[in-house]
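Take a look at the structure below.
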Amino acid sequence: MIARIKGTQDISYEDIGYWHYVEEAIRNISHKYAFTEIRTPIFEATELFQRSVGESTDVVQKEMYTFEDKGGRSITLRPEGTASVARAFIENSFVNLGSPIKLFYNGPMFRYEKPQAGRLRQFHQFGAEILGSESPLADFEIIEMAYSFLKELRLNKAKLFINSIGCPKCREDYKTALKKYYSDKLPEMCSDCQRRYETNVLRLLDCKVDRELVAGAPSILDYLDVDCRSHFEELQWYLDKAGIQYEVDQFMVRGLDYYSRTAFEVRSSSLGSQDQLVGGGRYDGLIEYIGGKSCPAVGFAIGLERIVMLLKSENSKAGIPRGSEVAVLTFGREESVKGFDYARRLRKAGVSTYVDVMERNMRNKMKHAARIGAKISLIIGREEIERDIVTVRVMSDGSQFQVDSDYMVDYVVDKLRDIT
Ligand code: HAM
């Protein structure tokens with residue numbers, strides 16, 4: 001057998017109900033916040049991610065699915081959505097539509113990470129981005145939208161962490177202070193951190209190995225200039241006013257290089273070691289950096305596998321798959337023609353109708369109808385054809401009714417209403 005690739009999954013019977021539920025919530029929340037959907041390609045020029053996510057990040061260094069296509073171009077499966085949205089914003093001149101632009105997306109992302117619970121190589125993100133506003137109002141709305149989404153799914157236990165990582169100007173002084181702090185500790189540090197010291201010293205704060213060292217490091221908050229500080233304070237003021245609880249995590253720098261000022265994460269202790277549910281922040285320099293006119297922006301992305309894990313662990317009813325409402329069970333050729341005709345009529349009335357296309361006996365057909373969760377079965381045999389009737393069986397209690405074929409649709413629709 002050819003097995004599926006490590007770190008990927010088949011989402012079907014067991015989980016698909018959860019995914020439908022979450023996808024519906026994504027469409028609902030995005031509609032309520034008046035965000036427009038954008039669907040970007042799943043692969044892009046490798047350079048887009050190298051430049052935007054950043055050469056020094058783990059994503060670019062170790063995790064990208066990069067290959068050469070038949071035309072000799074270097075292509076990468078998208079590891080995240082923000083870079084593509086920024087590219088699309090420039091390429092399609094969305095700026096002409098008036099500021100700000102509010103977009104959302106939902107789709108698969110690819111990172112070559114070590115698979116474990118909640119960490120996959122193909123995973124899915126729901127993301128939202130506001131492009132064109134420098135105001136902390138935009139940061140607030142983005143955080144509030146992520147927060148409302150989790151609330152709509154009744155995931156109330158997750159916790160919001162925020163930070164400001166300043167602008168490139170104030171960050172330079174901070175980087176110097178960090179270098180100074182770490183310089184005499186270098187020999188004891190892991191090889192990854194030794195590399196990060198040279199390539200991007202901020203990344204040292206991401207180190208999962210030596211948290212104590214991180215705890216003693218200088219805080220970026222002491223290095224913010226007046227504008228960055230007031231931007232951060234304004235955001236907190238709006239969060240307080242809205243009653244959204246948060247904690248300031250002064251060492252959160254996020255794993256991607258494009259951030260400036262606001263950075264935030266939502267974490268849930270129920271998720272285990274991969275506890276980050278939402279990641280986001282401001283990226284005021286990105287659009288200019290990849291070739292557009294300077295344009296401030298802010299956004300978030302939520303990992304859907306982690307959402308589904310939480311819904312499942314909280315025993316949410318969301319996952320119960322919607323079975324078909326009616327199963328059509330026929331015996332014989334003429335009977336089958338009639339059965340397909342009934343199915344067409346039921347579907348026209350909006351009823352989910354499953355036609356059993358196996359030629360087997362009544363007992364097995366009935367067993368199968370029960371297994372697929374049909375609420376009603378229509379039985380069409382010789383007698384039904386001769387008398388132009390249909391036998392309607394309510395699966396939950398086995399009661400049966402013979403109904404004139406002309407009234408079948410109305411009868412079934414009424415019955416379904418009674419039993420659900
Ligand atoms: P990120 O923090 O890299 O941010 O990812 C966002 C979310 O995607 C994470 O919180 C997590 O739930 C999920 N995620 C990431 N990697 C994996 C994985 N290997 N397996 C399962 N889930 C995963 C971004 O991607 C930014 N683009 C967010 C953003 C949007 N910033 C501004 N706008």
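Mind grabbing the accessible area of ARG195 for me, 1.4 Å probe, Å², rounded to tens?
60 Å²
Quick check: the angle from helix 408-419's long axis to the longest principal axis of the chain, C-alpha only, nearest 10 degrees?
Computed tilt is about 60 degrees.
When only C-alpha pairs under 8 Å and at least 6 residues apart count, what is the relative contact order of the chain, in percent?
After rounding, I find 16 percent.
If you place +1 on the Cβ of every Lys and Arg and -1 on the Cβ of every Asp and Glu, how big does the dipole about the Cα centre of segment 130-252 come out, in debye to the nearest 20?
420 debye
With +1 on each Lys and Arg Cβ and -1 on each Asp and Glu Cβ, how big is the dipole of the chain about its Cα centre, in debye rounded to the nearest 20?
Once rounded to the nearest 20, the dipole reads 920 debye.
Compute the FRET efficiency between ASN96 and THR36 as 1/(1 + (r/R0)^6), taking r as their Cβ-Cβ distance and R0 = 25 Å, and round to the nearest 0.05.
The computed FRET efficiency comes out at 0.95.
Taking all protein chains together and a probe of 1.4 Å, list LYS114, LYS151, LYS102 from the most accessible to the least accessible.
Ranked list, largest accessible area first: LYS114, LYS151, LYS102.
What percent do you get for the relative contact order of segment 350-420 when only Cα pairs under 8 Å and 6+ apart count?
22 percent
Probe radius 1.4 Å, ligands and nucleic acids ignored: give me the carbon and sulfur share of the accessible area of the chain as a rounded percent.
C and S fraction of accessible area: 49 percent.
Over segment 57-149, give the accessible area per residue in Å² for a 1.4 Å probe, as an integer.
Value for segment 57-149: 42 Å² per residue.
Quick check: pseudo-label points 7 Å beyond the Cα along Cα→Cβ at TYR112 and SER191, how many nm apart are they?
Taking the two extended label points, one gets 1.7 nm.
In a shell of Cβ-Cβ distance under 13 Å around TYR407, excluding TYR407 itself, what net charge do Lys and Arg (+1) and Asp and Glu (-1) give?
Summing Lys and Arg as +1 and Asp and Glu as -1 gives -3.
So which aspartates and glutamates pass the test for LYS241, namely a Cα distance under 16 Å, with those fewer than 8 places away in the same chain ruled out?
ASP139, GLU141, GLU144, GLU233
Want the number for SER313 to SER183: 0.36 nm per residue separation, take away the alpha-carbon distance, what's left?
Taking 0.36 nm per residue and subtracting the Cα distance, the gain is 42.4 nm.
Taking the chain as the reference, fit the longest principal axis to its C-alpha atoms, fit the long axis of helix 136-152 to the helix C-alpha atoms, and give the angle between the two in degrees, 0 to 90, nearest 10.
Roughly 30 degrees, rounded to the nearest 10.
Straight-line reach from LYS317: which lysines have a Cα under 16 Å away, not including same-chain ones fewer than 8 places off?
LYS151
Measure out, as a whole number of angstrom, how far apart the alpha-carbon centroids of segment 216-243 and segment 317-382 sit.
Cα centroid of segment 216-243 versus Cα centroid of segment 317-382: 61 Å apart.
Can you tell me the dipole magnitude for segment 294-393 around its Cα centre, using point charges on the Cβ only (Lys, Arg +1; Asp, Glu -1), in Debye to the nearest 20?
It works out to roughly 200 debye.
Classify segment 263-339 as rounded, prolate or oblate from the Cα gyration tensor: take a ≥ b ≥ c as the square roots of its eigenvalues, call it rounded if a/c is under 1.5, otherwise prolate when a/b beats b/c and oblate if not.
oblate
Cross-link partners among aspartates and glutamates for LYS185, C-alpha distance below 20 Å, same-chain residues fewer than 8 apart left out?
ASP173, GLU198, ASP206, ASP210, GLU212
For segment 72-168, what relative contact order do you get, as a whole percent, if you take Cα pairs closer than 8 Å and at least 6 residues apart?
22 percent
Compute the helix-to-body angle for 168-183: its Cα long axis versus the longest principal axis of the chain, expressed 0 to 90° and rounded to tens.
Once rounded, one gets 80 degrees.
The values are calculated or read from the model by the stated rules, or taken from the named source; none is laboratory data. Keep in mind the model is a prediction, meaning the values are calculated, not measured. With ideal geometry, Cβ positions are generated from the backbone for all residues, glycine too; neighbour counts draw on all protein chains shown. Keep in mind that these areas ignore ligands, DNA and RNA; they rest on the heavy atoms of the full protein, side chains included. Shrake-Rupley method; radii C 1.70, N 1.55, O 1.52, S 1.80 Å.
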